[in-house]
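J.: Shown below is the structure under consideration.
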Amino acid sequence: MTTQLKVIGREHIGKIEFTGIEGGFGDDKKAMLVKDIAKIHSSTVKRVNELINRNRRRFKDGIDVIDLLSSQKFVVVLNDLGFNQNQINRSNNIYLLSERGYAKLLKILDDDKAWDIYDQLVDNYFNMRVAIKNNEPSLAQQRRLQIMEDNAATRKASIMYKIAMATESDSSRQSLLARAAKELTGEMTIPVMKQKEYSATEIGKQLGISANKVGRIANKLGIKAEQPGQNEYGRWANSKSQHSDKEVPQWLYSEKGLQVIREKLIIKRSDD
């Protein structure tokens with residue numbers, strides 16, 4: 001895989017002209033400078049760099065992005081790429097993005113204009129030479145459609161997650177989270193709680209007592225939060241009533257809540 005950069009001339013997207021670059025990410029692999037991406041998206045280099053740096057862990061060095069200031073072998077070509085010495089000295093980063101890196105940036109930009117521009121870049125810049133070389137004229141179109149479908153699923157899952165976090169109903173929240181997971185993974189996966197929680201019925205079965213008795217012990221110990229919320233012994237949650245579609249408040253016990261109920265019951269039985 002070559003890491004040498006080659007300026008292949010001036011490219012155009014509509015009326016916008018930018019520097020065509022090959023190399024850095026592999027033989028005949030197209031790349032784009034952030035300064036050109038900023039111009040294409042009517043943004044600034046500062047803003048695009050901030051978006052990349054804020055999500056830097058998502059961009060893999062040498063695969064998605066190259067900081068041309070990170071190695072002398074790249075610095076020597078900066079003049080050929082249109083940077084003067086003053087610009088080089090004042091820059092913290094001079095980023096070059098692969099098609100994959102640009103696709104990731106697109107997810108962050110996430111606007112209709114970005115998608116319209118990306119259509120043109122995929123068709124007419126990034127993949128056209130590869131498609132022609134391999135006699136696969138539909139390669140660029142198929143790749144673009146796949147990326148768009150993946151991004152649409154991500155956005156849909158994100159909306160479901162936000163709605164789930166805003167709902168007060170635990171059952172509705174879990175259902176929405178499961179649907180969001182299905183959009184991303186294809187499987188209806190109910191998210192696992194961070195810690196095991198128990199209903200009064202479940203504790204009653206473990207200890208050989210009724211759910212009502214569990215509740216009475218908990219009330220005597222004063223371990224339930226007085227207001228809707230949680231503490232170290234558990235939390236209030238909305239649960240569907242067994243006798244109607246109405247949701248009613250239910251105290252779910254944590255491991256520590258289960259332990260204090262068990263200890264109280266042992267003490268009470270020994271006293272008896």
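The values are calculated or read from the model by the stated rules, or taken from the named source; none is laboratory data. Quantities reported herein were computed from a predicted structural model and do not represent experimental measurements. Cβ atoms come from the backbone with ideal geometry, glycine included; neighbour counts cover every protein chain shown.
J.: Out of all the residues in region 37-73, which are aliphatic (A, V, I, L, M), under 21 Å from the mean Cα position of the chain (by Cα) and either in a strand (DSSP E or B) or surrounded by 18 or more Cβ atoms within 10 Å (Cβ to Cβ) (or both)?
T.: Of everything in region 37-73, those that are aliphatic (A, V, I, L, M), under 21 Å from the mean Cα position of the chain (by Cα) and either in a strand (DSSP E or B) or surrounded by 18 or more Cβ atoms within 10 Å (Cβ to Cβ) (or both) turn out to be V48, I52, V65.
J.: So, one more: Name, by its number, the condition in (1) of a type in the set (D, E); (2) closer than 10 Å to S98 by Cα; (3) in contact (Cβ under 8 Å) with a residue 40 or more places away in the chain that does not hold for D28.
T.: (2)
J.: Another question about this same structure. Based on this model, can you work out whether L81 counts as in a strand (DSSP E or B) and either among the hydroxyl-bearing types (S, T, Y) or touching a strand residue (DSSP E or B) at 6+ places or on another chain (Cβ under 7 Å) (or both)?
T.: no
J.: For the subset of region 1-24 comprising residues that are under 31 Å from the mean Cα position of the chain (by Cα) and not in a strand (DSSP E or B), which member is modelled with the lowest pLDDT?
T.: Top of the filtered list is M1.
J.: Still on this structure, please answer the following. In region 42-77, how many are among the charged types (D, E, K, R) and under 14 Å from R100 (Cβ atoms)?
T.: 4
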